[in-house]
Each structure stands twice: as C-alpha cells, then as structure tokens.
Amino acid sequence: MHLVHPGALAAQVHRTLAEALPEGVGLTVLDLSALPEYWEAALTGGRAETTVEAIAERLAAELMGPQFALVGWSFGGVVAQAMIELLPAERRPERLVLLDSIAPTEEYQQPDEALEPPLLLNWFAMYLGAKRGRPVPLDPGALAGLGVDDGLPLVLDAATASGALLPDTPLPGLRKLYDTYVDGLLRNNRLTAPYRPKPSSVPLVLVKAERSLIPEDPTLGWQPLAPHGLSLAVAPGDHYTMLTRPDAAQAIARLVHPA
C-alpha cells in the first residue's frame, strides 16, 4: 500500500494505519515534505516552484510492484488521483482511497482571500490539537466575524485550557506557528488553482472525518471526477486525528483491503 502524505504532521502518524493492515501488507508513505520545491514553500510565503502534475509524475515513478493500493490524505489525495492517470491501465489500482481530501474542482479552486480567518483558525485549532496530542475544543461560532488578531487569542486560551499548550505560551510564538500553517494551506490552494484534473479512471472511495475540514459537503467535491463510482464512508476523529485513532485506522484498513 502506498499513501501520499502532504506533510503538516510527521509521516509517523500513519504508523497506526500500518499496524491495522492485514498481515503481509506493507505501507510505504510518499511524503511530499521530502520534495524541497514543495516543502520549502510553507516557509517562504506559500508559493511552490512546482505543479501538481510535476509532483504526481515524480511520485508515480516510486510506485513499486505489479499490485498495490493507493491512498491519499488531504492534498495528497489530489496528487494520488493525478498519479493514477499517469499509469498505464494495467498498472492502475482497483480503487483510490481518499482520506478527507478536497477535490481539485472549480467549486474549491478558490482565490486566497476566500480562505477567511474564522475558517483557518478553526482548522488551525484542529491541527494544534493533533500535533500536541490534546484536542483543542473551540466553538466555531466564537470566531465568527473575527480577524486573526482577535481570534488567535481565543485559540490560545482553548489550547492552554486543554493542556495542548503551556499556560505561559507567548501569543507571538503561536502566531508564527499559525502563519507557517496558513502558508502551507496557501501553497496547496495555489497548486490546485490552475490544475485541471482528468476524471478518475478507477472508482473513488472517500473517507470523511467526523469533523471534516468542510463538514457540510458529503462528497468534498469529488462527484464530477468519479464516472466509475464514488463510495462514501466516515471515520472517527477530525481531519488530523483520523490518522492516529485506532478505530479510524481499522475502518480505513477495511476499505483499502476489503475482506
């Protein structure tokens, strides 16, 4: 099994899934953070000197064996779907499993300014909770209409209350982490904006997290790209913790390698 991982969290988060796979099935993580032209963009303003097509071509060359399963988490699902369309028909997997991945369709090819602070702060709170191993419960309504300067202190308060951050964590330090996180999102958004995907030549399986990045859309935009079928499933946790929860790993493993 190959899994396309776009970074944000360390690739080791997929160890839980590896342990849930059937005996004899290995897991290879294709970590986009190993590509300097991709990873460094999160540190330099979110503009990557590459394209979805170039990343997919690079990773498609890493696919080993006559039979393999392919999975993509988050932006990794966009890359994984592009990889499949580069392969000859006889080498394509039976299906592509997408883990809370937003489709690169016109509906979600948004300008940077569409990523408004309340949305980004909620996503950042999820990310911070997963990174620190302590959920950061935050009422989404509390951030409505707020900018970063007003909303980030609320995230800090929630994170210190939950134990995800120490009580003396300085707000400027959290702001630096937030800015890097957002630059990573902008990088992926900018890579997706000019990309025109081909419809999938294999069936798609979308596994949404219970607390998905876009909870109101059950298909996350994949329906137009799924002429051979789109199956939907839900995994426990949020966009990030679905990768480390044993119950979520078991559910994902059954979808990747059904009995």
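The values are calculated or read from the model by the stated rules, or taken from the named source; none is laboratory data. Everything quoted here is computed from the prediction, not taken from an experiment. Using ideal geometry, Cβ is built from the backbone for each residue, glycine included, and neighbour counts are taken over all protein chains shown. For the accessible areas, the whole protein counts, side chains as well, though only heavy atoms, and no ligand, DNA or RNA atoms are used. Shrake-Rupley method; radii C 1.70, N 1.55, O 1.52, S 1.80 Å.
Residues are listed down the side, and each one gets a yes or a no for (1) in contact with a strand residue (DSSP E or B) (Cβ under 8 Å, 6 or more places away or on another chain); (2) surrounded by 14 or more Cβ atoms within 10 Å (Cβ to Cβ); (3) of a type in the set (D, E, K, R):
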position	(1), (2), (3)
Leu96	yes, yes, no
Ile102	no, yes, no
Pro111	no, no, no
Ala114	no, no, no
Pro118	no, yes, no
Phe124	no, yes, no
Revision key, fill the gap. Of Leu191, Leu243, Leu255, the only residue that is touching a strand residue (DSSP E or B) at 6+ places or on another chain (Cβ under 6 Å) and either among the hydrophobic types (A, V, I, L, M, F, W, C) or in contact (Cβ under 8 Å) with a residue 24 or more places away in the chain (or both) is Leu255
Review point. Which of the residues that make up the stretch 204-250 are in contact with a Ser or Thr (Cβ under 6 Å, 6 or more places away or on another chain) and among the aliphatic types (A, V, I, L, M)?
Key: Val205, Leu225, Ala226, Ala249
Check your understanding: Taking interchain pairs and intrachain pairs at least six residues apart, which have beta carbon atoms under 8 angstrom, with the first residue in the stretch 221-239 and over 14 Å from Val207 (Cα atoms) and the second of a type in the set (Ser, Thr, Tyr) and open to solvent by 10 Å² or more (accessible area, probe 1.4 Å)?
Key -> Pro224/Thr105; Leu225/Thr105; His228/Ser201
Check your understanding: Considering the stretch 105-120 alone, what residues qualify as being more than 16 Å from the chain's Cα centre (by Cα) and assigned to a helix (DSSP H, G or I)?
Key -> Glu106, Glu107, Asp112, Glu113, Ala114, Pro117, Pro118
Check your understanding: Of the residues in the stretch 153-184, how many are part of a loop (DSSP other than H, G, I, E, B), open to solvent by less than 60 Å² (accessible area, probe 1.4 Å) and of a type outside the set (Val, Ile, Thr)?
Key -> 3
Check your understanding: What about Gly237, is it surrounded by 19 or more Cβ atoms within 10 Å (Cβ to Cβ) and not acidic (Asp, Glu)?
Key -> yes
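Condition check ((1) in a loop (DSSP other than H, G, I, E, B); (2) of a type in the set (Asp, Glu); (3) at pLDDT 95 or above) across all residues:
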| residue | (1), (2), (3) |
| --- | --- |
| Ile214 | yes, no, no |
| Pro224 | no, no, yes |
| Ala235 | no, no, yes |
| Ala248 | no, no, yes |
| Arg254 | no, no, no |
**Study point:** Pro218 being free of Cβ contacts under 8 Å to residues at least 24 places away in the same chain, within 22 Å of Pro104 (Cβ to Cβ) and in a loop (DSSP other than H, G, I, E, B)
**Key:** yes
Exercise for review: Determine whether Arg187 is surrounded by fewer than 17 Cβ atoms within 10 Å (Cβ to Cβ) and either of a type outside the set (A, V, I, L, M, F, W, C) or part of a helix (DSSP H, G or I) (or both).
Suggested key: no
Point to revise | Residue among Ala48, Ala54, Ala41 that alone is in contact with a helix residue (DSSP H, G or I) (Cβ under 6 Å, 6 or more places away or on another chain), of a type outside the set (S, T, N, Q) and part of a helix (DSSP H, G or I) | key: Ala41
Study note, to complete from the structure: Residue set Leu9, Leu3; condition closer than 23 Å to Asp247 by Cα, open to solvent by less than 30 Å² (accessible area, probe 1.4 Å) and in a loop (DSSP other than H, G, I, E, B); output residue Leu9
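Is at least one residue of the stretch 57-68 in contact with an Asp or Glu (Cβ under 8 Å, 6 or more places away or on another chain), crowded, with 18+ Cβ neighbours inside 10 Å and either outside any loop (DSSP other than H, G, I, E, B) or without any contact (Cβ under 8 Å) to a residue 40 or more places away in the chain (or both)?
No, the stretch 57-68 has no match at all.
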